[in-house]
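Here, each number is a calculation from the coordinates, and none is a lab measurement. In this text the structure is predicted, and so the values were computed from the model without any measurement. Every residue, glycine among them, receives a Cβ derived from its backbone with ideal geometry; neighbour counts consider all protein chains shown.
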Amino acid sequence: YSLSRIKEKDGQINAFITVEEEKVMENARRVQQKIERRELTGPLAGVPVAVKDNICTEGLRTTCASRILGNFVPPYSAEAVKRLEEAGAVILGKTNMDEFAMGSTTETSAYGITRNPWNTDHVPGGSSGGSCAAVAAGEAFCALGSDTGGSIRQPSSFCGVTGLKPTYGTVSRYGLIAYGSSLDQIGPVAKDVTDCACILEAVSSYDRKDGTSVKRESYDFTSGLGRDIKGMRIGLPSDYLGEGLDDEVRKAVMDGAEAMRSLGAIVEEFPLGMAEYAIPAYYVIASAEASSNLARFDGVKYGYRTEEYEGLHDMYKKTRSEGFGPEVKRRIMLGSFVLSSGYYDAYYLKALRVKALIMKAFDEAFKKYDIILGPAAPSAAPEIGCSLADPLKMYLGDIYTVSVNLAGLPGISVPGGMNSKGLPIGLQLIGDRFQEEKLLRAAYQLE
Ligand code: GLN
């Protein structure tokens, strides 16, 4: 079903970079036999899943939507992919994204833009735009994305699907091509909360191959679904509802708050604080880590190498000049600058201090509230072509999502209605560290 749907739809949507039909059919047949022999049971047995193209898949090209990895076929699979396959999922293909996950619209991909299935003149969001568009267009039942500063939650909100960014350390980053290592998490994108919870349950694990992996007390994310939210304390940060927020999105958040109140939750506005510092701190930290992580793409070890060069340094220079797109280059330069001696204290160190204060602000909030409710993005999906012209403005669009990564918290975006142009609006729920069960329970009630 998915393959024929991809054939029908993907010419227009371009959610996928790579689909190897024969491989998919072969895997599907193998899984089917196992299901028939009852060797495979469980909710993911036989389910077709799309995987973002920065997550390694053994024998299947993984490009990060970059020219520099255009010919890269990983010799191993990411831990999350391995676990999905063990649960019986069939990997459909690799989804489009912003190059190296840097962007908010899937327009920085070297393999063409992805279009929003609700209105193809609009972007699907980013950077996991391909994963979210694939689910929204019915090409995949669910998908894996990655979220460094909102890349699962924001495109989920633009595409009217559900996407979750887990607590940092919950899903192994082994095999996820690093962008900002201290912020990156793999997470599920699906059409509802239950599906997200099932996928999260399958992919999360303690993994010694990831030095920041955490051994959690519980990996049960599904059994709380459907339980009521009577008495749950919901905080609405007033800093997330002020200037810069589209009126229709504000109304959707308020309607969501009212719905939770009518289900017995206690909802109130409160000042979270630090919101205006989140964007600068995030872009300094993420770019700093990116500049270091992307140093490995030098034309020697893997991926693209320039054709003509004179000596090693010329080879590095030409390979990287030709291999990386403009947004990636901008981040590498910004990151190298904030880490350079003389500027390190003024920018990088200061950003780390801001990060600590943001964490503290959330810690204080979670003393009073179980869940924080707010928008996922300031507006619905913008039109194609209007974001890249002004990168600073695009960065500001991440205002409601980046703090969650800086603080290592879990966050989920659920559909919260449509705007007057017929584009989806997403609501974001944020939980305290390791409180996915509660977060999913609350999100389930909002569906
Ligand atoms: N838009 C943000 C950025 O460009 C977030 C991206 C992400 O989460 N990968 O960095």
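Summary table
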item: At most 11 other Cβ within 10 Å, DSSP loop - trypsin sites (Lys or Arg not before Pro), the range 256-349; result: Lys301
item: Virtual spin-label span in nm between Ser223 and Gln12, 7 Å along Cα→Cβ; result: 4.5
item: ³J(HN,Hα), Karplus 6.51/-1.76/1.60, whole Hz, each residue of the range 13-18, x for Gly, Pro; result: 7, 6, 7, 10, 8, 9
item: Global geometry of the range 2-203, whether rounded, prolate or oblate, following the gyration tensor of its Cα atoms and the 1.5 cut on a/c; result: rounded
item: Listed residues Tyr76, Ala28, Phe100: farthest to the positive end of the dipole of the range 2-203 (Cβ charges); result: Ala28
item: Cα centroid of the range 234-289 to Cα centroid of the range 45-99, whole Å; result: 33
item: Relative contact order, percent, the chain [alpha-carbon distance under 8 Å, six or more residues apart]; result: 18
item: Point-to-point label distance, Gln32-Glu322, nm (Cα→Cβ direction, 7 Å offset); result: 4.4
item: Magnitude of the charge dipole, the range 2-203, Cβ model with Lys/Arg +1 and Asp/Glu -1, debye to 20; result: 180
item: Dipole magnitude of the chain, debye to nearest 20 (Cβ charges: Lys/Arg +1, Asp/Glu -1, about Cα centre); result: 760
item: For the range 385-447: rounded, prolate or oblate by the Cα gyration tensor [a/c cutoff 1.5]; result: oblate
item: The range 318-388: C-alpha gyration tensor shape, a/c 1.5 cut-off, then a/b vs b/c; result: oblate
item: Placed amide H near Leu92: partners under 5 Å, 5+ positions off or other chain; result: Val49, Ala50, Val51
item: GNM top mover of Ser127, Ser151, Ser66 - the chain, alpha-carbon springs below 10 Å; result: Ser66
item: Per the chain, cysteines lacking a partner by the 4.7 Å Cβ criterion; result: Cys56, Cys64, Cys142, Cys196, Cys198, Cys386
item: Gain in span if fully extended, Val214 to Glu364, counting 0.36 nm per residue against the direct Cα distance; result: 51.7 nm
item: Gaussian network model of the chain, Cα within-10 Å springs - most flexible of Ser379, Ser262, Ser128; result: Ser262
item: Label-point gap, in nm, between Arg296 and Lys350 - each point 7 angstrom along Cα→Cβ; result: 3.2
item: Summed residue charge, Cβ within 12 Å of Ile13's Cβ, Lys/Arg positive, Asp/Glu negative; result: +1
item: For the chain, built as a Gaussian network whose Cα springs stay under 10 Å, the top-fluctuating residue of Gly125, Gly256, Gly422; result: Gly422
item: Assigned charges on the beta-carbon of Lys, Arg, Asp, Glu; the range 291-447 dipole about Cα centre (debye); result: 360
item: Among Met333, Pro378, Ser291 the positive-end extreme of the charge dipole of the chain (Cβ point charges); result: Ser291
